[in-house]
Structures are given as structure tokens and as C-alpha cells.
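See structure below.
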Amino acid sequence: MVIVAHNTSVNASSRQPPRVLGIFAHPDDETLCAGGTFAKYASAGAEVRVISLTKGGAGQIRDASAATRATLRAVREKELDAAGKELGLTETRCLDYPDGGLSEIDSQILVKLASELLSEIDPDVVVTFGPDGFSGHPDHIAVGAAVTAACYERRSAKSIRLFHCHPPRSRMLLRNRLAEWVVELATRFKGTNEFVRALWVFSREATALGYAGDFVNVEWFPSGSYLIEQGEAATMMYFLLSGQVEIRREGEDGRVRVVDRSGPGEFIGEEGIATGQPRNAHVVALDDVTSLTFLASDPVPIDGSAEQAQPVVTRSLPSGDQIDARVSTCIDVSDFVGHKIRATAAHRTQYPIDPSMFADPILREMFGVEYFVQVLPERELHSSLLDE
Ligand SMILES: Nc1ncnc2c1ncn2[C@@H]1O[C@@H]2COP(=O)(O)O[C@H]2[C@H]1O
């Protein structure tokens, strides 16, 4: 990516250190939406605070050893605290509004709450969700609207910079990057059980949030069926979750010989994806097999869902990614992807991943830039169609 802001501009504010406040709905939103940016500004000396309006009690429990439904709220509050430490935040705070119920609260109550937080913390910069809610979650949309309204109310008394987080909508394919990574290894890759579980969560969430452009699906192949036929064009890559497959190579004389077996934790079909060559072997399920399947998805509408579809103008980045033309600010956080991935892993109930399991270049490409729409101060209206 080329258009990136290298300047942390903490000195742009007259106050030292400047105060940054992120207001979100659930513990983990801060990391997924703007974790790299928060880490970058914190490391440059800003006081960065994050407030989650809920304790995330309605979230999934992806690691049954990390919490129960009864303990989830308390555990997620601690996870936010741990993530805050990874990002270098000055403070994290979990309020206790109902997870999944923010859009049903009278909007004036949320605006009043946001106003009180702004008065108490007196930030120079506020970061929250935009009208798309980053992922479309109704809680996110409600929080973003309330914080935005409160910032507009406050701007007459105090100048404030308000930014909406914007999802990346990357066209980068995990399928390709993982395939390139695996074929370069000296020995055939075999992931641990932990890796299997983590790749499942990581790839599905990363694609849902727009950090990668794959369509990731779990597929089932009955015993005896082909996952791959030799000679066909490579479009998918498979990561085996359960069951065994046999690799069979067919000679020009039509004779088929077994060359290998693969099982859970191994990638299949990476060679065709990495080289662009036709499949070099048949792959046949010996048991009933489940696999995580990576396929290049059709471009999603820029706002993420057909329901919210509204005409939006996009612009292309040199990477091929399309971003909303309203995006005003892209922050280069490539030196802070380690902070972001460790903070993600601190949210263990949601992201049971080992932060060291992914190759650094892949993480940098996926998470190296975060996008924002500057809402306040409003940009000046021009008074001419031509440069003056
Ligand atoms: N010797 C081998 N050992 C293990 N797997 C193999 C071997 N040869 C081919 N494969 C796998 O079989 C796949 C067939 O499709 P691809 O060529 O895309 O990628 C290939 C590898 O994933």
C-alpha cells in the first residue's frame, strides 16, 4: 500500500500529551477496528483510553476453558484490560450496558452518556464507529451514532477531532499468501491442534471484517470422494480439519500410484495456488474429511451487506483494494501489527489464537494500515468548481 500516513502528529495538538479516546460497544472492537493506531499513538506518547459500553456478555465463547456463560462478562472485562496493556493504553473501561441491546436503548440516553464521558475525559481525538458499524452490528451503529452526536454537541465548547473507523475491504487473498508461505517451507507444514482451531477462527473473522478477500467455508467430503483431481485448474486451497486423504499421482500410462497421505493440520492444493500450474496429483478422502476451504470471493459491496446497500463512490488503492471515497485518513501501523495480534489474542474467549503462529509478512499485509473517516472538524466547503 502506498497512500499511508507516516506522521503520528502527536505534536499537532497544543496539549501535551494529547488525549485519544476510543468509544466502542464490546471488548475486542477497539483492537479489531483501531488497535494498531491506538498502539502507535500510545507509543508516541499520547494518552489513549478505550471505553466499551458493554462487557460483551452475549459474545460467543470460542474457548470453553476460558469462560462460561456465567463468567463471560467478568472474563471479557479482564481481557480488555490485558489487550489494553498489549496496546500500551492509559486506561480501559467496561461499562455494563446490555450486549446486543444498545440499539433498543433510547438514543438520548446514549448521547447523554457519551457527553458525560467526553466532559470527564476531555479528549482531543475521539474514535468510534461510523454508520456502517464497521461490521454492521446494531450495537456498533448505536454507539457510533451516539458518540458522533455528543461530539457535535461539544464542538461549540471545545475543538474536537472525531474519526469513524472504516473497514479495510482488502482484496488480498489469504489463500495465496498461505500457499506461498507453505510451499517455501523446507518440510511439509503440519499445524498443531491449536493451529487448526486458530486458523479456523482467524480466517473466518479476518474475511468477515474485510482484512482479506477470501470466501472461507467448512466443507465435508465423504470417504472415497475426490477433493482434487489431477490436471484441473487450481482455484481453491484446502486446510484439513479432520480425516485422512491420500495423494495419488497418475502417470501418462494411466497408472495411479499412492505418493503420500495427509491429515488434520495440513494444507492441500497449495502447490497449484502458489505456482498457477494445474493440480499435480489426485487427492482422495480415505475417511470422511472436513476441510477449511479458501476461495477468492466475489467483491462484496463496499458497505458490507446488500441490506444496507446505498450508492457509494469508491476509490482504488495501488494494492487493488477498493475503499470508500469518504475515507480521509489511513494510518500506517505496520510496525504495530505485533501489538494488534497480541491484543487480539488477549481476547481469548473470542480469539483463541497463538499470536506467533502467523508469518509476520502476512500480518503486515493484512493489518498494516487502518482507515478512518474524519468527521470533525468538518472539512471546508469549496466555493468554486475550479482551483482559485
Ligand atoms: N508428494 C506429496 N506429498 C504430499 N502432498 C502432495 C504431494 N504431491 C502433491 N501433493 C498435494 O496434492 C495436491 C494436488 O494439487 P496441487 O498441485 O494444487 O497441490 C498438491 C499438494 O497439496
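Read-outs throughout are calculated quantities, based only on the coordinates presented, and are distinct from any laboratory measurement. Remember, it's a predicted structure, so these values are computed and weren't measured experimentally. Methodologically, a virtual Cβ is constructed for each residue, glycine included, from the backbone with ideal geometry; neighbour enumeration extends over all protein chains shown.
Ranked by how many other Cβ atoms sit within 10 Å of their own Cβ, fewest first, the residues 55, 340, 158 fall in the order 158, 55, 340. Taken about its Cα centre, the chain carries a charge dipole of about 660 debye when Lys and Arg each add +1 at the Cβ and Asp and Glu each add -1 at the Cβ. Panel values: the chain, Kirkwood radius from alpha carbon pairs, Stokes-Einstein at 10 °C and 1.306 mPa s, translational diffusion coefficient 70 µm²/s. Descending by average beta-carbon neighbour count within 10 Å, the peptides 223-230, 180-187, 268-275, 282-289 line up as 268-275, 282-289, 223-230, 180-187, the highest first.
Could you name the lysines in cross-link range of residue 40, using Cα to Cα under 23 Å and dropping any fewer than eight places away on the same chain? Once the sequence-local lysines are set aside, what remains near residue 40 is 78, 85, 340.
Counting other Cβ atoms within 10 Å as a rough exposure proxy, the listed residues 237, 366, 357 run 357, 366, 237 from fewest neighbours to most. Sorted ascending by nearby beta carbons within 10 Å, beginning with the fewest, 330, 33 become 330, 33.
Comparing 93, 255, 62 in a Gaussian network model of the chain, where Cα atoms under 10 Å apart are tied by springs, the biggest mean-square fluctuation is seen for 255. A simple count of charges around residue 372, restricted to other residues whose Cβ falls under 13 Å of its Cβ and scoring Lys, Arg +1 and Asp, Glu -1, yields -1.
Among the cysteines of the chain, those whose beta-carbon sits 4.7 Å or more from every other cysteine beta-carbon are 94, 151, 330.
Pairs of C-alpha atoms in the stretch 166-233 farther apart than 17 Å represent 60 percent of all such pairs. Candidate cross-link partners of residue 112 among the lysines, defined by an alpha-carbon separation under 24 Å and a same-chain spacing of 8 or more, comprise 55, 158. Take 145-152, 120-127 and order them by the average number of nearby Cβ atoms within 10 Å per residue, most first; the result is 145-152, 120-127. Give me the net charge of residue 350's neighbourhood, meaning all other residues with Cβ under 10 Å from the Cβ of residue 350; Lys, Arg count +1, Asp, Glu -1. Result for the local shell: -1. Lys and Arg at +1, Asp and Glu at -1: add these up for the other residues within a Cβ distance under 10 Å of residue 26 and post the number. The answer is -3.
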